[in-house]
Amino acid sequence: MTPAASPTARHWLAYPLGLARRSPTFVVGLVIVLFFLLLAVFAPLIAPFNPTQSFSYEVLQAPGGRFFLGSDGNGMDVFSRVIYGSRYAFGIAIPAGLIMIGIGMPLGLLAGYKGGWLDEVLLRTLDVLRAFPTIILALAVVAATGQSLVSMVVVIGLLDSPIFARVVRAEVLTLRSSTFVKAAIAVGNPAWRVMFVHILPNAILGATAQLPMRMAWAVRISATLAFIGVGIQAPTPEWGAMIRQGAEYVITGEWWAALFPGLALMTLVLGFNLLGDGLTDLLDPKRRGVGK
Amino acid sequence: MNRPLIELHDLVKKFPADGGAQVSAVDRVSLSIQAGESVGLVGESGSGKSTLGLLMTRLTPASSGQIIFDGQDITHMSDEQLRRLRSQIQMVFQDPWGALNPRMTVGRSMAEPFKLHTTLTEAQRKQAVHELAERVHLPMESLKRFPHELSGGQLQRVCIARSIASKPRLLVLDEPTSSLDLSVRAGILELLDTIRKETGVALLLISHDLETVELMTQRLLVLYLGKVVERGPTPEIFKNPAHPYTQTLMSAHLPANPKAVLSRLPTVGEMPSPLNLPAGCLFSSRCPLVRSQCQQGFPAFSNLNGGHANAAAHEAACNRVADSSNWLSSLYQKS
Amino acid sequence: MSLLSVDNLHVHFIARGINNQLRTAKALNGVSFDLEPGQVLGLVGETGAGKSLTALALLGLLRPPAQVVAGKIQFEGQDLGLVDNPAGRSARGKSITLIPQSPKTSLDPTARIGEQLIRIQREHGQTDMVKAHARAIEMLEQVQIPDPAQRMKAWPHELSGGMAQRVLIAAGLINSPRLVIADEPTTGLDLTVQAEVLDIFKRLVSANGMSAIIITHDLGIVAHYCDRMAVMFAGTIIEEGPVGKVFEEQRHPYTQSLIASTPKQIAMHGFASAVGSPPNLYDLPTGCVYKDRCPKAQAVCDTTLPTLGVGSTHRVRCHLPNGKP
């Protein structure tokens, strides 16, 4: 048994390198997500053109030349639109993530700890969600509530919450029968403290790794919805909408309008998934390896 | 006579098992502990000793029976009422690593009882934690550490400190030294002994280690498959174990002394499955002294030390005590 | 010639800490002992003392990040090599076996008992299935499992802890090894079952003229089932000798403190003084490894690491080996 090693002076790269060694997946995922995040934040500085500026006489120009990734059917610069598209991706993923945490976390916590009818409701909801093709569900709800960005975000957040709640619930169930929770009760903690001071911080750890996965799903589903014509539409530079529009021209050989947004979408989703995978790797052995 | 600190009357705890049957982990156990006493619960796996500890601290609800603490019936008390009572009955668990919140510093874990049961300010709480740490010989800088950074012995000290913070009147210890290294155990036992002498807290020591129980307890109960089979003053039981099961248990003990003479007593087979218990005396399926009488109802307690007052009575639930034919080996000697 | 001869075994663990620096844990620091045929040696020590590691070294099962830095192991005169190697493997072959801890998890949950017992024989060259089957039943009988022929078809999860441990003993002895290593053979077993299991083990070992090493932290087991004992601390043997002599004389302060910590001794002599923290294998002191905890440490203990006194059968690694105070 050894006490923790005291940190000694080290090269500033040592910690990130150590992280990379233990989970390359995490680092790659992080780099990808940060890359697109930077694109989203600094879009006006990076994009060469206004994304909705249409150059009517330069429609469907091939990549290279004036338009780095070509221009689409409306004469808009694909490159700029892809960059701005990341704003929409994060604009959906982040709020959806927040809704997930805001609703899913307490839901999972209560369902796992208290059980009873709340737990039943949650589980049945999940069954229903699993049975339904999510697209149809999303379609129906978005169509009913109007095709705005806000409604998209809310719908996706709500659809994701039960799944996130289930992950939290699973963590809580495991923790509820652990010795330290029994000890916390024995010491005299009221139920709310047991839940929020003892169970929640430990449950979060496992649930956190799920969050990027859910965000990846949010990005994908919003693009899918846009692709089938629901929600955001052209000329908004959203990747799904761009793919929808660009798909028409693939047959005639103008592949770039659909491919680049598609690549961007795929890469960001991959990035989120890798980030989640890596987080699971990193958190798991340290978390379970408490003690000797 | 003084009112006991805690009394259990015919306590039962059943668990559902495969196939819809029910298993009684604790089957009509009665016992009482006086204030300041040190009582031991000895048994092997399936004896129900740990479950009994959980029942007494109301960490698990009883299936039937009564628990009376300081004159109050706490068997079915609501969680809210129970919470306030919890400062009086505390528990130390077997696994010190698992018994602490891994995301809280041990200092914070130790401060929790003060936060929950007193109105001390944060500064006062900090002071109280420091005093507590000193009392259990815990170095001050460990207070800032997380559980996984400390050794087993230190963690158990943390747990003990946490459990005495609210000045409980009863401390239930479930195998407090079993997970610890040999050289560390003595220190923990010494600490518990000191605490009992200084604060007058009653101890219930649950253990499978006979030597520990012999050292630390004044009275002893031997459990077998959920029932008490022998009870009495510790030195008495070690000198004259009356129940054949107790005798078997003691003969199986290996003292750390190569010169000690072992007298291994014969047993027949292994412990029965809790789903398939023998009729009558639970030990009858393995007892070399079994008679037909033993299968007709669980034996009543027979007294062995001639009608002493309640707490000092040495009793065994064995049909053979009446005619003194309960000795598995007339050559049996305590090593 | 000794059956087994371990000489100056040094094993280090090299790992990366959280700050990405290399840290070396000196897990074994010069372990040396001999074992004669027919002897049972008890290897005692606390967590981290190096008992299981020594067993792994004997079995040639050391893998990275464990690195053997020095040492030699000879079995029946042959050099075994310290890591897995073909010559070592064939020399070990059926001759050195292990009875591992936790019987419930050491048995293959997907195969019946009989199958596993036969498999072990097959892996070591038995081709006659009829003989293997018979031998398996014979071993189950020897470890006193009732109705052995029926039990051959049992699944591991159907066995109780005690039964499973006996099956493991049967498995360990089925190929008639010369040396059996039992790693904490009674963890998790009830007291009454423990006694039976150990009796069976001892009986079989001596009936077949085998040697055995019992790894345990329980002094009671050593006192009654072993001929010799070796007390380990911080990766080295600090006292070694016949069981009776070591318990009687307790030449090393650590041995004294271990024995003084048993409740029996406390009942007789009161509580001993506080013991100090476990050794930090990443940062062992120079000189004697025990000096930071030793009540008798003096200047000489800071210097050279004392060598295990050779010559007598009772050896101790201490600059100032006295008897009990």
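Computed from the coordinates by the stated procedures, all read-outs in this text should not be read as laboratory data. All values reported here derive from a predicted model rather than from experimental measurement. Cβ placement follows ideal geometry from the backbone for every residue including glycine, while neighbour counts extend to all protein chains displayed.
In whole angstrom, and with the biggest value first, how far do the Cα coordinates of segment C:41-93 range along each principal axis?
On the principal axes, segment C:41-93 reaches 33, 28, 19 Å in Cα extent.
Shape of segment C:103-176 from its Cα gyration tensor (a ≥ b ≥ c, root eigenvalues): rounded if a/c is under 1.5, otherwise prolate when a/b > b/c, or oblate?
Taking the square roots of the gyration eigenvalues as a ≥ b ≥ c, segment C:103-176 is prolate.
Considering only DSSP beta bridges where both residues belong to the protein assembly as shown, give the percentage that are antiparallel (nearest 5).
Approximately 60 percent, going by the DSSP bridge assignments.
Compute the separation of the alpha-carbon centres of segment C:199-254 and segment C:30-61 and state it in Å as a whole number.
Value for the Cα centre distance between the two parts: 10 Å.
What list of ³J(HN,Hα) values in whole Hz, one per residue of segment B:285-292 in order, does the Karplus curve 6.51 cos²θ - 1.76 cosθ + 1.60 (θ = phi - 60°) give from phi, with Gly and Pro shown as x?
Once rounded to whole Hz, the list reads 6, 10, 7, x, 9, 5, 10, 4.
Provide A:Lys114, C:Lys202 in ascending order of the number of other Cβ atoms located within 10 Å of each residue's Cβ, fewest first.
Lowest count first: A:Lys114, C:Lys202.
How far is the Cα center of segment A:67-140 from the Cα center of segment B:89-146, in Å?
Measuring centre to centre over Cα atoms gives 42 Å.
Per-residue Cβ counts within 10 Å, from other chains only, averaged over B:210-222: what number is that?
What the average comes to for B:210-222 is 2.
Could you list B:Lys197, C:Lys264 in order of exposure, starting from the residue whose Cβ has the fewest other Cβ atoms within 10 Å?
B:Lys197, C:Lys264
Could you tell me how many cubic angstrom of Cα convex hull volume the protein assembly as shown has per residue?
228
Which order do B:Arg320, A:Arg176, B:Arg157 fall in if you start with the one that has the fewest other Cβ atoms within 10 Å?
A:Arg176, B:Arg320, B:Arg157
Once a ≥ b ≥ c are taken as the square roots of the eigenvalues of the Cα gyration tensor of chain A, is the result rounded (a/c under 1.5), prolate (a/b larger than b/c) or oblate (a/b not larger than b/c)?
Oblate shape, in that a/c is at least 1.5 and b/c is the bigger or equal ratio.
To test your reading of the geometry: what angle, between 0 and 90 degrees and rounded to tens, separates the Cα axis of helix A:24-41 from the longest principal axis of chain A?
The helix A:24-41 is inclined about 50 degrees to chain A.
For segment C:211-217, in order, what is each residue's ³J(HN,Hα) by Karplus, 6.51 cos²θ - 1.76 cosθ + 1.60 with θ = phi - 60°, in whole Hz (x at glycine and Pro)?
Each residue's phi maps through the Karplus curve to give 9, 9, 10, 9, 8, 7, 10 Hz.
Please list B:74-85, A:251-262, B:24-35 highest first by mean number of surrounding beta-carbon atoms within 10 Å per residue.
Taking the mean over residues of other Cβ atoms within 10 Å, the ranking is B:24-35, A:251-262, B:74-85.
Between 0 and 90 degrees, rounded to the nearest ten: what's the tilt of helix C:113-123 against the longest Cα principal axis of chain C?
Value to nearest ten degrees: 80.
Mind checking the angle between helix B:122-135 and chain B's longest principal axis? C-alpha axes, 0 to 90 degrees, to the nearest 10.
Its long axis makes an angle of about 50 degrees.
Any lysines with Cα under 25 Å of the C:Lys291 Cα? List them, leaving off those in the same chain fewer than 8 positions away.
Reachable lysines: A:Lys292, C:Lys26, C:Lys51, C:Lys245, C:Lys324.
Need one number: nm distance between label points at B:Glu80 and C:Glu138, each 7 Å from Cα along Cα→Cβ, rounded to one decimal.
So the two model labels end up 7.4 nm from each other.
For segment B:238-335, what is the per residue volume of the convex hull drawn over the alpha-carbon atoms, in cubic angstrom?
Given the Cα convex hull of segment B:238-335, per-residue volume reads 128 Å³.
Need one value for C:260-272: mean number of C-beta atoms belonging to other chains within 10 Å of its residues' C-beta atoms.
Rounded to a whole number, the mean comes out at 6.
Is segment C:160-238 rounded, prolate or oblate when judged by the Cα gyration tensor, a ≥ b ≥ c being the square roots of its eigenvalues, rounded requiring a/c under 1.5 and prolate requiring a/b larger than b/c?
Verdict is oblate for segment C:160-238.
Need one value for A:196-209: mean number of C-beta atoms belonging to other chains within 10 Å of its residues' C-beta atoms.
For this peptide, the per-residue mean of nearby foreign Cβ atoms is 2.
Amide H of B:Val26: which non-local residues (sequence gap of 5 or more, or other chain) have their own amide H closer than 5 Å, using H built in the peptide plane?
B:Lys13
Normalising by the residue count of chain C, find the relative contact order in percent from Cα pairs under 8 Å and 6+ residues apart.
Computed value for chain C: 20 percent relative contact order.
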